[in-house]
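Undergrad: One structure, as structure tokens, below. Some questions next.
Please treat every number below as a calculation from the coordinates, not as lab data. In this text the structure is predicted, and so the values were computed from the model without any measurement. Counting neighbours? That spans all protein chains shown, and the Cβs are built from the backbone with ideal geometry, glycine included.
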Amino acid sequence: MQCINKKFTATLYCNVHGVPSQMVLLTIRNIGLDIELRYIDLFKGEQNTPNFLKINPLHQIPVLHVAEDNYVVTESRAIMLYLANVTKSSFYPIELKKRSMIDSRLFYDATTAYPAVKQFVHQILRVGVKRLPNEVRENIEIVLSTLDSMLINSDWFAGDELTLADFAFLPSVESIKCWGADFKNYPRLNKWYERCKPLPGFQENHEGAKKLADKLAKMIDEPLWKV
Ligand SMILES: N[C@@H](CCC(=O)N[C@@H](CS)C(=O)NCC(=O)O)C(=O)O
């Protein structure tokens, strides 16, 4: 049993191919929560409709709307923490050092890992480059190397148990895999990725990342990944 069940009614506004949305979806699937999903099509600009802007004026997904108290949580990692706290999930244990390690991983993700992944996508999707500047892939390699080194002493990113830290990194790692990056220099990360395959939500995350990778590949004049 991963959590003490607390009944609450909530809606997650999300999409299937965004890394931040997938982090929350993995959390929901693994805790086993029954939360309504409303998909927002960013390519159609649905994040800018007056109704959505009332929920999140920053016009970003994911967003969690908790029916009780009409409460809104924005920011993927804050939503993951909220869901884990409200369900007392073992994916965010109460022991201080374990918690601190997970927090540390989430901050690394927010400040370094995800921004490197976002830069890759942004350059192609929003800037419209046909060839990526070298530093974009170099930054990803630095992240992969750092993630690999975080796994020197443990099977999971914050110790010997699966935690929110793993749900935070998996969508970025899956995206990079779908771009065709070779993980041979990152054996620990590769083993961790294999370990994640049976997790609830893994396939959903893979399919979303693959869809976006296929779209990006059609937009540039070189392979998505090259060394
Ligand atoms: N820091 C935010 C980032 C969320 C984010 O970048 N969302 C993107 C999709 S991946 C979005 O909604 N973009 C639409 C827009 O900015 O108009 C989080 O982690 O939740």
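Undergrad: Taking 8 Å as the Cα distance limit and 6 or more residues as the minimum spacing, I'd like the relative contact order of the stretch 111-227 as a percentage.
TA: Working: 94 pairs, mean separation 38.0, N = 117.
Computed value for the stretch 111-227: 32 percent relative contact order.
Undergrad: Pull up all non-local amide H partners of HIS59: gap of 5 or more, or a different chain, and H-to-H distance under 5 Å with H placed in the peptide plane.
TA: So HIS59 has HN proximity to no qualifying residue.
Undergrad: Can you list residues whose amide H is under 5 Å from ALA10's amide H, if they're 5+ apart or on another chain and H is modeled 1.01 Å from N?
TA: The answer is GLU36, ALA67.
Undergrad: Can you tell me the relative contact order of the chain? Whole percent, Cα pairs under 8 Å, sequence separation 6 or more. Numbers along the way, then the final one.
TA: Working: 301 pairs, mean separation 55.8, N = 227.
For the chain, the relative contact order is 25 percent.
Undergrad: Mind checking which aspartates and glutamates have their Cα closer than 20 Å to the Cα of LYS211? Skip sequence neighbours fewer than 8 apart in that chain.
TA: Qualifying aspartates and glutamates at Cα under 20 Å: ASP41, GLU46, GLU174, ASP182, ASP221, GLU222.
Undergrad: A further question follows. What number, rounded to the nearest 500 deg cm²/dmol, is the helix-based mean residue ellipticity at 222 nm of the chain, given -39500 (n - 2.57) per DSSP H run of at least four residues and division by all its residues? All intermediate terms of the calculation are to be shown ahead of the outcome.
TA: On the way: 9 runs with 112 residues, N = 227.
Calculated at 222 nm, the ellipticity per residue is -15500 deg cm²/dmol.
Undergrad: If you don't mind, another one. Across the stretch 209-215, in residue order, what do the Karplus-derived ³J(HN,Hα) couplings come to in whole Hz, using 6.51 cos²θ - 1.76 cosθ + 1.60 with θ = phi - 60° and x for Gly and Pro?
TA: Here the 3J(HN,Hα) series is 5, 5, 4, 5, 4, 4, 5 Hz.
Undergrad: Can I ask one more? ³J(HN,Hα) across the stretch 87-99 via Karplus (A = 6.51, B = -1.76, C = 1.60, θ = phi - 60°), whole Hz, x for Gly/Pro?
TA: Going residue by residue, I get 9, 6, 6, 6, 6, 9, x, 7, 4, 4, 5, 5, 4 Hz, with x marking Gly and Pro.
Undergrad: State the antiparallel share, in %, of DSSP beta bridges confined to the stretch 10-86, rounding to the nearest 5.
TA: On the way: 8 of 12 bridges.
Rounded to the nearest five, the antiparallel share is 65 percent.
Undergrad: Let me ask you something else. Can you list the lysines whose alpha carbon is less than 17 Å from that of LYS98, not counting same-chain residues fewer than 8 positions off?
TA: Straight-line reach from LYS98, under 17 Å: LYS88.
Undergrad: So, in nm, how far is label LYS54 from label ALA110 when the simple model puts each one 7 Å beyond its Cα toward the Cβ?
TA: 2.8
Undergrad: Net charge around HIS206, counting only other residues with Cβ within less than 11 Å of its Cβ (Lys, Arg = +1; Asp, Glu = -1)?
TA: That sum, taken over residues with Cβ under 11 Å, equals +1.
Undergrad: Let me ask something else. Which value, in debye to the nearest 20, describes the size of the charge dipole of the chain about its Cα centre when Lys and Arg Cβ atoms bear +1, Asp and Glu Cβ atoms bear -1, and nothing else is charged?
TA: For this selection, approximately 220 debye.
Undergrad: Separate question: Spelling out what I want: for every residue of the stretch 32-48, take phi, set θ = phi - 60°, compute 6.51 cos²θ - 1.76 cosθ + 1.60 (Karplus), and round to whole Hz; glycine and proline get x.
TA: In residue order, the calculated couplings are x, 8, 9, 10, 5, 10, 10, 7, 10, 8, 5, 5, 9, x, 5, 6, 9 Hz.
Undergrad: Pull up the cross-link candidates among the lysines for LYS197, meaning alpha carbon to alpha carbon under 16 Å and not fewer than 8 places away within one chain.
TA: Result set, ordered by chain and number: LYS177, LYS210.
Undergrad: Quick one: which residues, 5 or more positions from TYR186 or on another chain, have an amide H under 5 Å from its amide H? H modelled 1.01 Å from N in the peptide plane, none for Pro or chain starts.
TA: Correct list: empty.
Undergrad: Using +1 on the beta carbon of Lys and Arg, -1 on that of Asp and Glu, and nothing else charged, what's the dipole of the stretch 60-193 about the Cα centre, debye to 20?
TA: Details: 15 positive and 16 negative charges, 78 e Å.
It works out to roughly 380 debye.
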